[in-house]
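Visitor: Sharing a structure, written as structure tokens. Questions coming.
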Amino acid sequence: MIILSTDDLDASIAFYQEAAGMALKFRDGAHFAALDGGAVTLALATKVDHPIHGQVVVGIKTDDVDAAAKAVEAAGGGIVAQPYDDAHERRAVVYDNKGNGLVFYSPLQR
């Protein structure tokens, strides 16, 4: 998943639907949407839901968010937000060893 920042979710959704023909996969209120980019999901998020607002962030789905965060730190990366549960998933926000933002996530079992 690639996560882009927006300050107007409706306008951003409309842009990617019209310009790239992407279908809306999921929307969470006025602060997050996921669009179908084929093999990659394009996520749009406002400050409310963006892990590092203003940066392009790569989201990586994993079975063990806690282990992934520890592995990043051990390899020379950094932790922005320790693993936590939000409304839909467990996630950790990290930087790689070159300062690129990543978010590891795993859907919560409901």
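The values are calculated or read from the model by the stated rules, or taken from the named source; none is laboratory data. Predicted model, so just to flag it, every value in this text is computed and none were measured. Cβ sites come from the backbone with ideal geometry, for glycine too, and all protein chains shown count toward neighbours. Only protein heavy atoms, including side chains, enter the accessible area calculation; ligands, DNA and RNA are left aside. Shrake-Rupley method; radii C 1.70, N 1.55, O 1.52, S 1.80 Å.
Visitor: What is the number of the single condition among (1) open to solvent by less than 50 Å² (accessible area, probe 1.4 Å); (2) in a loop (DSSP other than H, G, I, E, B); (3) modelled with pLDDT of 95 or more that Ala43 does not meet?
Guide: (2)
Visitor: Sticking with this structure for a sec: Please go through the stretch 54-81 and give me each residue that is free of Cβ contacts under 8 Å to residues at least 40 places away in the same chain, open to solvent by 50 Å² or more (accessible area, probe 1.4 Å) and under 10 Å from Leu102 (Cβ atoms), ordered by number.
Guide: Correct list: Val80 only.
Conditions tested, residue by residue: (1) out of contact with any Ser or Thr (no Cβ under 8 Å at 6 or more places or on another chain); (2) among the β-branched types (Val, Ile, Thr); (3) farther than 20 Å from Leu4 by Cα.
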site	(1), (2), (3)
Tyr16	yes, no, no
Ala19	yes, no, no
Asp36	yes, no, no
His53	no, no, no
Glu73	yes, no, yes
Val80	yes, yes, no
Arg110	yes, no, yes
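Visitor: Can you pull out every residue in the stretch 82-101 that is closer than 18 Å to Ala34 by Cα, basic (Lys, Arg) and open to solvent by 40 Å² or more (accessible area, probe 1.4 Å)?
Guide: Arg90
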